[in-house]
Amino acid sequence: MGKTSIGLNGRNILVTGSPGFIGANLVLRLLGEMTSGTVISLDNMNDYYDPALKSYRLELIEKAAEKSNVRHVFVKGSIADKALVDSIFAEYKPSVVVNLAAQAGVRYSIDHPDVYIESNIIGFYNILEACRHYPVEHLVYASSSSVYGGNKKVPFSVDDKVDNPVSLYAATKKSNELLAHSYSKLYNIPSTGLRFFTVYGPAGRPDMFYFSATNKLVKGENIKIFNYGNCKRDFTYIDDIVEGVYRVMQGAPEKANGEDGLPLPPYAVYNIGGGTPENLLDYISTLQEELVRAKVLPENYDFEAHRELVGMQAGDVPVTYADSTALEKDYGFTPKIGIREGLRNFTEWYSGFYK
Ligand SMILES: NC(=O)c1ccc[n+]([C@@H]2O[C@H](COP(=O)([O-])OP(=O)(O)OC[C@H]3O[C@@H](n4cnc5c(N)ncnc54)[C@H](O)[C@@H]3O)[C@@H](O)[C@H]2O)c1
């Protein structure tokens, strides 16, 4: 599908889920790249993980905004609050919306289903309705590799069937893609869904394996390695994700009419993943080496004594593996940063932040 170029300068850009991990990094990039305009961050700052990290990321954003010609506005609130979402769209009439706000996490969705429906379904619906009433040039939103469920065919392609989610989280993300398709078709809203593959990096999410394992090892606790280590993950470093989102924001699916004279949905979905799935045990070995190198843990740390190999957890999948050729073809970009470099950056950040 053809793309319509969108210049970001001078525009109002709404990023929900900033200062979440990906959102904060995206906003920092926007403040660095744009020469004028306004970036609005909307986040409810919930305590799913330590909100101090969100405050820290918000401080980084505010510092960057002081040096930027771009105005930054932070609104604390929920995308599930329809009146609030409407008022933000009425005031700023954003040209581009990047919806990253969501309740993330596969395992948490087993015990806390309500918040997934509230944030990921009702919240996303509110964003779509606002895009309908205050037309935007491009709605970009986070989907997830989890939509591929237990698919056996690898690498995962956006042309594959994804009708068998194995967690409520995955079901909400797949629902987002379906809802976006209907709004793209009905109201001619250009929308692009991005299926992210296990994103990691400095000031990332403490609920994710590399970060929670680090916290546990530092406290001398054991780490659990699921499926006895027989997992492969297409780990994607944060800078690669930001590069992908930044490029995609500026190229919206083209509007066109079908034979019936009605709009064809200006709708697209892409994978963003490195395409080099890593064995979980190799990833852990690299993390260990980098933790020692960054002096987070001593050289004689007994890693073997702190590992527990356990079975698969409900909702988890054994493999994720992205086919990102469509992203490369349409936006000239494929994630490139390997786990050595990515984990080095994480451990160095961790060492500075916590010590
Ligand atoms: N990090 C990954 O590996 C990964 C992989 C696939 C998809 N994703 C998706 O990417 C997006 C960003 O993920 P992240 O890793 O930055 O997670 P994150 O939890 O750090 O960021 C999400 C932010 O959204 C906010 N939020 C949650 N519910 C909200 C609501 N109702 N209203 C307003 N704000 C709300 C949170 O406070 C948080 O700051 C999410 O949609 C997530 O599902 C992430």
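Summary of computed values
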{"item": "Tabulated pairs, the range 122-142, first under 15 Å from S182 (Cβ atoms), second hydroxyl-bearing (S, T, Y) and within 16 Å of the ligand (Cβ to nearest atom), C-beta under 6 angstrom, 6+ apart or interchain", "result": "L139/S191"}
{"item": "Residue within the range 149-156 that is touching a strand residue (DSSP E or B) at 6+ places or on another chain (Cβ under 8 Å), away from the ligand (no atom under 13 Å from the Cβ) and closer than 30 Å to N9 by Cβ present", "result": "no"}
{"item": "Any chance D316 is open to solvent by less than 40 Å² (accessible area, probe 1.4 Å) and within 27 Å of N230 (Cβ to Cβ)", "result": "yes"}
{"item": "Hits in the range 158-184 (condition: more than 20 Å from A130 (Cβ to Cβ) and open to solvent by 20 Å² or more (accessible area, probe 1.4 Å))", "result": "V158, D159, D160, K161, D163, N164, P165, V166, L168, Y169, A171, K174"}
{"item": "Residue ID - surrounded by the fewest Cβ atoms within 10 Å (Cβ to Cβ), chosen from residues in the range 26-55 that are farther than 16 Å from V75 by Cα and touching a Pro at 6+ places or on another chain (Cβ under 9 Å)", "result": "D50"}
{"item": "Residue ID - surrounded by the fewest Cβ atoms within 10 Å (Cβ to Cβ), chosen from residues in the range 104-121 that are near the ligand (Cβ under 10 Å from one of its atoms) and farther than 13 Å from N176 by Cα", "result": "V115"}
{"item": "Verdict on K173 being out of contact with any Asp or Glu (no Cβ under 9 Å at 6 or more places or on another chain) and in a loop (DSSP other than H, G, I, E, B)", "result": "no"}
{"item": "Subset of the range 208-237 (residues that are hydrophobic (A, V, I, L, M, F, W, C), part of a loop (DSSP other than H, G, I, E, B) and open to solvent by less than 30 Å² (accessible area, probe 1.4 Å))", "result": "C231, F235"}
{"item": "Elements of type strands (runs of 3 or more DSSP E) in the range 27-122, at least 2 residues being out of contact with any Leu (no Cβ under 6 Å at 6 or more places or on another chain) and of a type in the set (V, I, T)", "result": "96-99"}
{"item": "Residue identified as near the ligand (Cβ under 9 Å from one of its atoms) and within 26 Å of A268 (Cβ to Cβ) among I6, I13, I40, I22", "result": "I22"}
{"item": "Residues located in the range 65-97, provided they are away from the ligand (no atom under 14 Å from the Cβ), among the basic types (K, R) and touching a helix residue (DSSP H, G or I) at 6+ places or on another chain (Cβ under 9 Å)", "result": "K67, R71"}
{"item": "Checklist (1) in contact with a Gly (Cβ under 6 Å, 6 or more places away or on another chain); (2) open to solvent by 20 Å² or more (accessible area, probe 1.4 Å) applied to K82, failing item", "result": "(1)"}
{"item": "Looking only at the range 193-232, and only at residues there that are under 12 Å from the mean Cα position of the chain (by Cα) and basic (K, R), the one that is nearest to V96 (Cα to Cα)", "result": "R195"}
{"item": "Total residues in the range 311-341, condition aromatic (F, W, Y) and in contact with an Asp or Glu (Cβ under 8 Å, 6 or more places away or on another chain)", "result": "2"}
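Conditions tested, residue by residue: (1) within 16 Å of the ligand (Cβ to nearest atom); (2) modelled with pLDDT of 95 or more; (3) part of a loop (DSSP other than H, G, I, E, B).
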| position | (1), (2), (3) |
| --- | --- |
| Y141 | yes, yes, no |
| V158 | yes, yes, yes |
| V162 | yes, yes, yes |
| V166 | yes, no, yes |
| Y169 | yes, yes, no |
| H181 | no, yes, no |
| G193 | yes, yes, no |
| P202 | yes, yes, yes |
| P206 | yes, yes, yes |
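Conditions tested, residue by residue: (1) of a type outside the set (D, E); (2) modelled with pLDDT of 95 or more; (3) more than 26 Å from D330 (Cα to Cα).
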position: A268; (1), (2), (3): yes, yes, no
position: A294; (1), (2), (3): yes, yes, yes
position: F303; (1), (2), (3): yes, yes, yes
position: E308; (1), (2), (3): no, yes, yes
position: Q313; (1), (2), (3): yes, no, yes
position: V317; (1), (2), (3): yes, no, yes
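The values are calculated or read from the model by the stated rules, or taken from the named source; none is laboratory data. This structure is a prediction, so every number in the text was calculated from the model and none was measured. Virtual Cβ from ideal backbone geometry, glycine too; neighbours counted across all protein chains shown. With ligands, DNA and RNA removed, areas are computed over all heavy atoms of the protein, side chains included. Shrake-Rupley method; radii C 1.70, N 1.55, O 1.52, S 1.80 Å.
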